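For reference, the structure discussed in these notes is given below.
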């Protein structure tokens, strides 16, 4: 690809800087008063999701300038390039084709698509046989529990999807182990029976330290329970590209499902990495999950930039990060089953866009990816919302709200909805000092006390948020939601001029980790590292007694 | 208390601004080279915790100036004022005496202490009878499961402590339900038997919307299973100050344990709100948890400001937030059982210090509480660490590391330790472009490709972190750790001149929530709210079909 202009070099950037100076101090309520149409028109619908972005420090002029920025940055060409399999991951010389994993046809990518379809058929076969109770362990017991061993993208995606789709679960229980801390595996295995447990080892390279350590421990657990080496074939599947290492481990080749180098870990839940989800919810539901994402892919390709949901969300991210000074973004799903969504999005966004050089290797002099954090509502209201409402930081928020609940308990769910809409509204409207004083007087406080406390109850308002709604959290809308954030992340990466598909920044830590592990295991190397690390290694050694 | 000088008005503030200009671009490795003693001397030990703060953008001069800032801000007087029960929560005219809840003697606070001791005796009685299997449900079955219903401070603290002390669990299982989303309670009750389940309803006011909604649903579940109204006394305890409301609910007065208005929700795990923890780990362990916190309280009171662990951590927070421009703080416990620690600390720090006016009600023109986030290591290494290493934001980090593991699996735990120390070291040392180029050549890449990729592998380093270690994660060291962060939060609040003990910012959202709930339940009010909220209420109504 041709070298691109940095964000700050685009003509629309200068224009937006001027607008930001005005809008920084704007009243969003006043923006509604000046432009009553924005309530209905600052909205979008795609793939079963509705986005309301009317409560932002944004008017139509700034919105148009942001869309011009997207256009100038070449998003119009980059989006089809991504979806059509161009080598968009330029530092690793490969495409990023997670969208192909959920496609219903291959188009120009027939060869790759054939492999995808073949893998899907094998996933389906495992999922269906497990759900029919046809798979047995070494003693003839039916497999009832599946433990996914993986970390990062081989954990966060499947874990989120399985939890989020709990109302759709069948009879097989899926568990997730990720941490190299042995307590993670130990706590999980405590409740399980080796005779009826199947492990899915997810590691593209089959070399991930945590996953390998946990898989070896799981293998020992199985052998100690009385399984033979030959029996392991009944209890281990692998999702990997490294068949040789998997075979050495004792996993039969026919029990290995493929990964591809054109799928990044954080985009891999749509591949065989999602097998545990397909087992948990059944194949048909998993196909609906893929179809929901594919519907979002179609929207992403076809909708004009100004009416393109991922593009819009990305422009808001850049608007707040690069023009209004936000360093973070908070995601608030008002659905308890989405409580892992912030964890998933942390990896997706921060691993993708936590970069400081352009895709051409030039150091950037502007901010890229923000810290993404959040929790399921209403929990955060009793925790960090105080800071959202009265803190000194700008924290743009995404509220995510299924409009109906699977529980059938409408009263409680109505409270959830009311709280979600109330938080978004409260952030915007705030409360003046005078209104606070009146509220205090109405509670019967004496004049002087009301006067004294009013500034503490006052809230500045004008704090921006989006609301993303859906009829219900189904496999399809969940798929669309994840694809939405994937594409938003891609677009922001393009606007910043970085490559969102590599993660070179995690390599050095692994190297130094191996070095320190050697030292802790007795390798000589006195004084080789910095004095603080040397001292801490000594502290650890002493603690071993 | 006398009105205080804002942070920016302190003499040390100006001095520190000058130092920040130099240290912002400093090399931490060079600071070690210039001052080899810092490895051993930028450390502190208190209450079983060791803090290493040597890997910071800080030299001895700046450290001394920060301590001078603390002194000038009056921390030397504010600390004893807090611990001795002065009305430090000035907007609510009351003390903040969570330290009394873990005290082994009452000193001048004999009256309050007597109540604390009485409540402890009652907690002990419940915990011991449950653990001996002496409490039965309506059909005579032994109580085996306890469900804590609470939200915010009535949930995050007990949930964290129970999870963190899993190796100490006895035979009673403790569960936690917080969210008003009915799925939270439903998912929990699915696996439980009403005949052997006890609910603990935690709500100071007994009016918390989520807690009341869930408690009523739990009550229905019990009645539907065949319990009579009179049987409820066997299945419900309350932790509350509102005996009347608890009685109306059907909870016998003798089943109500007290709360006090001088304990904030987010500081309440040491009170009867911690009853579920005491049940989970047994009374003796709970006392050790209290004693660990008390040891930290003693250190906090007695250590000089420059050798005071909570003060030092707070000064680092202010240093990065107000002098070096950080808007966030990341906490990385390298222990899987502490995975809820960031959630707990989010409430503690962001609800306490997410304020924009001084305790006297003056608007502040500087930053207060940052966003606190994080996750258990090594999980984050496969997720957001990319941004920590190569992103454009300053994210000061706390690594928390128990030096030994309860699991007895030393090999895996050694890997955990190695990873923790490696991440802290990597953040500091980084990797130059030249070193990156050499590493790529060593992998066999051609010259041109190594040259092209080197900037992507290069890491700036100089990213600061603290390391907090402990021999093992025990009830005592966990108590000390939580008390450490409580006091750090207090100190930062004092340096910013705010009241960290109120949370007026969450009130308006509750009021507007009630208003919207009314609208969703059929109250008339067309057009009363902003157009976006009106539209979204309509969308919700349509979705109900």
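Confirm whether residue B:378 is under 30 Å from residue A:187 (Cα atoms), at pLDDT 95 or above and at the interface with chain A (Cβ under 7 Å from one of its Cβ atoms). Please lay out each step first, then the result.
On the way: under 30 Å from residue A:187 (Cα atoms): yes; at pLDDT 95 or above: no; at the interface with chain A (Cβ under 7 Å from one of its Cβ atoms): yes.
Against the criterion (under 30 Å from residue A:187 (Cα atoms), at pLDDT 95 or above and at the interface with chain A (Cβ under 7 Å from one of its Cβ atoms)), residue B:378 does not qualify.
Would the stretch A:520-529 turn up any residue that is surrounded by 21 or more Cβ atoms within 10 Å (Cβ to Cβ) and on the phi < 0 side of the Ramachandran plot?
Pass one, the stretch A:520-529, residues surrounded by 21 or more Cβ atoms within 10 Å (Cβ to Cβ): none.
There is no residue in the stretch A:520-529 that is surrounded by 21 or more Cβ atoms within 10 Å (Cβ to Cβ) and on the phi < 0 side of the Ramachandran plot.
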*asked:* With out of contact with any strand residue (DSSP E or B) (no Cβ under 9 Å at 6 or more places or on another chain) and surrounded by fewer than 18 Cβ atoms within 10 Å (Cβ to Cβ) as the only criterion, which of B:85, B:106 stands out?
replied: B:106
_Just checking, does the stretch A:455-470 include any residue being surrounded by fewer than 24 Cβ atoms within 10 Å (Cβ to Cβ) and without any contact (Cβ under 8 Å) to a residue 24 or more places away in the chain?_
yes
*asked:* Which of the numbered conditions does residue B:408 fail, given that it passes all the others? Conditions: (1) facing chain A (nearest Cβ under 7 Å); (2) free of Cβ contacts under 8 Å to residues at least 40 places away in the same chain.
replied: (1)
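Search the stretch A:128-160 for residues being in a strand (DSSP E or B) and without any contact (Cβ under 8 Å) to a residue 60 or more places away in the chain, and hand back the single one that is surrounded by the most Cβ atoms within 10 Å (Cβ to Cβ). Even if it seems obvious, please write down each step before you answer.
To start, the set of residues in the stretch A:128-160 that are in a strand (DSSP E or B) comprises A:136, A:142, A:145-149.
Among the residues that remain, those that are also without any contact (Cβ under 8 Å) to a residue 60 or more places away in the chain are: A:142, A:145.
Numbers: A:142: 15, A:145: 18.
Filtering the stretch A:128-160 for residues that are in a strand (DSSP E or B) and without any contact (Cβ under 8 Å) to a residue 60 or more places away in the chain, the one surrounded by the most Cβ atoms within 10 Å (Cβ to Cβ) comes out as A:145.
The rows are residues; the columns are (1) surrounded by 24 or more Cβ atoms within 10 Å (Cβ to Cβ); (2) within 7 Å of chain B (Cβ to nearest Cβ); (3) on the phi < 0 side of the Ramachandran plot; (4) not in a helix (DSSP H, G or I).
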residue: A:345; (1), (2), (3), (4): yes, no, yes, no
residue: A:352; (1), (2), (3), (4): yes, no, yes, no
residue: A:355; (1), (2), (3), (4): yes, yes, yes, yes
residue: A:367; (1), (2), (3), (4): no, yes, yes, yes
residue: A:423; (1), (2), (3), (4): yes, yes, yes, no
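I'm trying to understand the selection: among the residues of the stretch B:433-450, which are farther than 17 Å from residue A:91 by Cβ and surrounded by 15 or more Cβ atoms within 10 Å (Cβ to Cβ)?
Looking only at the stretch B:433-450, we keep the residues that are farther than 17 Å from residue A:91 by Cβ, and these are B:434-435, B:438, B:442.
Once the filter is applied, which keeps residues that are farther than 17 Å from residue A:91 by Cβ and surrounded by 15 or more Cβ atoms within 10 Å (Cβ to Cβ), the stretch B:433-450 yields only B:435.
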*Within the stretch B:143-184, how many residues turn out to be modelled with pLDDT under 95 and in contact with a strand residue (DSSP E or B) (Cβ under 8 Å, 6 or more places away or on another chain)?*
1
*Please tell me if residue A:450 is assigned to a helix (DSSP H, G or I), more than 7 Å from chain B (Cβ to nearest Cβ) and more than 16 Å from residue B:362 (Cα to Cα).*
no
*Flag if residue A:528 is more than 7 Å from every other protein chain (Cβ to nearest Cβ) and part of a loop (DSSP other than H, G, I, E, B)*: yes
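Each row is one residue, and each column tells you yes or no for (1) more than 7 Å from chain B (Cβ to nearest Cβ); (2) closer than 28 Å to residue A:388 by Cβ; (3) at pLDDT 95 or above.
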| position | (1), (2), (3) |
| --- | --- |
| A:459 | no, yes, yes |
| A:466 | yes, yes, yes |
| A:469 | no, yes, yes |
| A:524 | yes, no, no |
*Just one of (1) modelled with pLDDT of 95 or more; (2) over 23 Å from the mean Cα position of the chain (by Cα); (3) more than 16 Å from residue B:493 (Cβ to Cβ) trips up residue B:37, so point out which.*
(1)
*Determine whether residue A:517 is more than 21 Å from residue B:533 (Cβ to Cβ) and more than 8 Å from chain B (Cβ to nearest Cβ).*
no
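Sort out which residues of the stretch A:34-64 are within 14 Å of another protein chain (Cβ to nearest Cβ) and closer than 13 Å to residue A:19 by Cβ, and write them in order of number.
Step one: of the stretch A:34-64, the residues within 14 Å of another protein chain (Cβ to nearest Cβ) are A:34-45, A:48-58.
Matches in the stretch A:34-64: A:56, A:57, A:58.
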*In the set A:509, A:493, which member is free of Cβ contacts under 8 Å to residues at least 24 places away in the same chain and surrounded by fewer than 24 Cβ atoms within 10 Å (Cβ to Cβ)?*
A:509
_Please determine whether any residue of the stretch A:220-242 is buried (at least 20 other Cβ atoms within 10 Å of the Cβ) and within 13 Å of chain B (Cβ to nearest Cβ)._
no
*asked:* Can you find a residue that is more than 18 Å from the chain's Cα centre (by Cα) and in a loop (DSSP other than H, G, I, E, B) anywhere in the stretch A:328-341?
replied: no
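Please work out if residue B:429 is facing chain A (nearest Cβ under 7 Å), within 27 Å of the chain's Cα centre (by Cα) and in contact (Cβ under 8 Å) with a residue 60 or more places away in the chain. If you could, list the steps in order and put the result at the bottom.
On the way: facing chain A (nearest Cβ under 7 Å): yes; within 27 Å of the chain's Cα centre (by Cα): no; in contact (Cβ under 8 Å) with a residue 60 or more places away in the chain: yes.
Considered against the rule, which asks whether it is facing chain A (nearest Cβ under 7 Å), within 27 Å of the chain's Cα centre (by Cα) and in contact (Cβ under 8 Å) with a residue 60 or more places away in the chain, residue B:429 comes out as no.
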*Considering only the stretch A:383-403, state which residues are within 16 Å of residue B:373 (Cα to Cα), in a helix (DSSP H, G or I) and within 7 Å of chain B (Cβ to nearest Cβ).*
A:385, A:386, A:387
*For the stretch A:509-516, state whether one or more residues are modelled with pLDDT of 95 or more and within 24 Å of residue B:472 (Cβ to Cβ).*
yes
*Limited to the stretch B:486-499, what total is found for residues that are within 14 Å of chain A (Cβ to nearest Cβ) and within 18 Å of residue B:156 (Cα to Cα)?*
1
_Could you tell me how many of the residues in the stretch B:1-33 are part of a helix (DSSP H, G or I) and free of Cβ contacts under 8 Å to residues at least 12 places away in the same chain?_
7
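Criterion first (within 16 Å of residue A:313 (Cα to Cα) and buried (at least 22 other Cβ atoms within 10 Å of the Cβ)) does residue A:59 satisfy it? Step through it out loud before you land on a result.
Values: within 16 Å of residue A:313 (Cα to Cα): yes; buried (at least 22 other Cβ atoms within 10 Å of the Cβ): no.
Here the answer is no, as residue A:59 does not meet what is asked.
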*Quick one: residue A:219 ticks every box in (1) more than 27 Å from residue A:98 (Cα to Cα); (2) touching a strand residue (DSSP E or B) at 6+ places or on another chain (Cβ under 9 Å); (3) at pLDDT below 95 bar one, so which box is it?*
(3)
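Enumerate the strands (runs of 3 or more DSSP E) found wholly within the stretch B:162-248, keeping only those where 2 or more residues are under 22 Å from residue A:380 (Cβ atoms).
Values: elements: B:173-177, B:197-202, B:236-239.
Strands (runs of 3 or more DSSP E) meeting the threshold: B:173-177, B:197-202.
The values are calculated or read from the model by the stated rules, or taken from the named source; none is laboratory data. Values in this document were obtained by computation on a predicted structure and should not be read as measured data. Using ideal geometry, Cβ is built from the backbone for each residue, glycine included, and neighbour counts are taken over all protein chains shown.
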